[in-house]
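The structure appears right after this line, and notes come after that.
The values are calculated or read from the model by the stated rules, or taken from the named source; none is laboratory data. Predicted model, so just to flag it, every value in this text is computed and none were measured. All Cβ positions, even for glycine, are placed from backbone atoms using ideal geometry, and neighbour counts span all protein chains on display. Each accessible area value is taken on the protein alone, full model and side chains, heavy atoms only, with ligands, DNA and RNA left out. Shrake-Rupley method; radii C 1.70, N 1.55, O 1.52, S 1.80 Å.
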Amino acid sequence: MTFRNVSEEPSPYHHLENKSIRQILEEINAEDRRVALAVRKAIPQIDKLVGQIVRRMHCGGRLFYLGAGTSGRLGVLDASEIPPTYGMPPSCVVGLIAGGDVALRAPVEGAEDDAEQGWKDLVAREAGANDVVVGIAASGTTPYVVGALRAARAHGILTACIASNPDSPAAAEADIPVEIIVGPEYVTGSSRMKSGTGQKMILNMISTAVMIRLGRVEDNRMVNMQLTNRKLVDRGTRIVADELAIDCEKAHALLLIHGSVREAIAAFRNGRQ
């Protein structure tokens, strides 16, 4: 089967420089509406992936996101939100980007073209059989990602990918390929647009579903969130007050004493106030 690089195909929109701002915005929005539908079609694969991640995390495994450019940045972003949102250690979900942390703000020339560095980055973090490696690449051809998936799979690590092209090299190296065919970008080849939006949606789905299944959410509340700023303390106070039917002043005091929503609620119910 011939590989078709859909994400790099020409935009169906022309002479963008001659359009009004309103027309540009409406056309971008029209294209963005395609993304959620493409993600929906991939739910069976995402479901399978989440189940495998949860199973391995129960055995002490970790989740690695690995990508270059926008894809890598989105992986690092999702990983970085897990500790404050769900109270998990930073080692639980790890985001790796070609070129290292400097690439979060500036392009690192040639970093994504190194087919061996992705695996080296995983080895440096002692990736093993209980872990899951998710390669993120709009094109599905990024050597940094493809090489890492190939090596990880050879070492018995479960692999997955998130790609915007069908039957890509990344998918060929993934035990669970997640393909979102969003079509050509509004600006030809600008995969930070629809492809990036789809990637962000899927990463949100993966990490949120995993954390719920690991018991880090009760009802619909982030009971393990870190109280790192006033907004989160206020949110935690409201959760404790609502759950225990007490006033906010008492809930606030409980929260500060016990350090988390879960512990504050448990302490109150067990008479440890």
**Complete:** Taking Cα atoms only, helix 143-154 is inclined relative to the longest principal axis of the chain by an angle, in degrees rounded to 10, of 70 degrees
**Request:** Place a +1 charge on the Cβ of each Lys and Arg in the stretch 42-162 and a -1 charge on the Cβ of each Asp and Glu, then give the dipole magnitude about the Cα centre in debye, rounded to the nearest 20.
**Result:** 400 debye
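Based on Cβ point charges of +1 for Lys and Arg and -1 for Asp and Glu, what charge dipole magnitude is obtained for the chain about its Cα centre, in debye rounded to the nearest 20? Write down the numbers at each step before the final one.
Values: 31 positive and 32 negative charges, 176 e Å.
Around 840 debye, computed over the chain.
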**Message:** Compute the angle between helix 194-213 and the longest alpha-carbon principal axis of the chain, please, reported from 0 to 90 degrees and rounded to the nearest 10.
**Reply:** 30 degrees
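With the full set of protein chains in place, find how many percent of the accessible area of the stretch 1-145 is carbon and sulfur; take the probe as 1.4 Å.
Values: 4100 of 7850 Å².
The C+S portion of the solvent-accessible surface of the stretch 1-145 is 52 percent.
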**Complete:** With Cα springs under 10 Å, the Gaussian network model of the chain assigns the largest mean-square fluctuation among Leu255, Leu74, Leu158 to Leu255
**Asked** How long, wide and thick is the stretch 1-103, going by the Cα atoms along their three principal axes, in whole angstroms, largest first?
**Response** 55, 35, 29
**Prompt:** Between Ile28 and Leu77, how many nm apart are label points set 7 Å from Cα along the C-beta direction?
**Reply:** 1.4 nm
**Request:** Send over the per residue convex hull volume for the chain, Cα only, as a whole number of Å³.
**Result:** 160 Å³
**Prompt:** Which one of Ala170, Ala103, Gly75 has its Cα pushed farthest toward the positive end of the charge dipole of the chain, where Lys and Arg give +1 and Asp and Glu give -1 at the Cβ?
**Reply:** Gly75
**Prompt:** How about the stretch 41-129: which trypsin sites (Lys or Arg not before Pro) there are in a DSSP loop, with at most 14 other Cβ atoms within 10 Å of their Cβ?
**Reply:** Arg105, Arg125
**Prompt:** Calculated from DSSP H runs of 4 or more alone, at -39500 (n - 2.57) each and per residue, what is the 222 nm mean residue ellipticity of the chain, nearest 500?
**Reply:** -15000 deg cm²/dmol
**Message:** From Cα pairs below 8 angstrom and at least 6 apart in sequence, can you work out the relative contact order of the stretch 1-94, rounded to a whole percent?
**Reply:** 17 percent
**Message:** Compute a Gaussian network model of the chain, connecting alpha carbons closer than 10 Å, and tell me which residue from Ser207, Ser190, Ser164 fluctuates the most.
**Reply:** Ser190
**In Å², nearest 10: area of Ser11 left accessible to a 1.4 Å probe** = 10 Å²
**Asked** By how many nm would the segment from Glu9 to Ile257 lengthen if fully extended, with 0.36 nm per residue of separation less the alpha-carbon distance?
**Response** 83.6 nm
**Request:** Taking 7 Å along the Cα-to-C-beta vector as the label spot, tell me the Ala245-Asn229 distance in nanometres, rounded to one decimal.
**Result:** 3.5 nm
**Item:** Listed residues Gln226, Gln45, Gln23, most fluctuating in the chain (Gaussian network, C-alpha, under 10 Å)
**Value:** Gln23
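I'd like to check one number: the per residue accessible area of the stretch 93-172, probe 1.4 Å, reported in Å² as a whole number. Don't skip to the answer; put the middle values down first.
Details: 3350 Å² over 80 residues.
So the stretch 93-172 comes to 42 Å² accessible per residue, rounded to a whole number.
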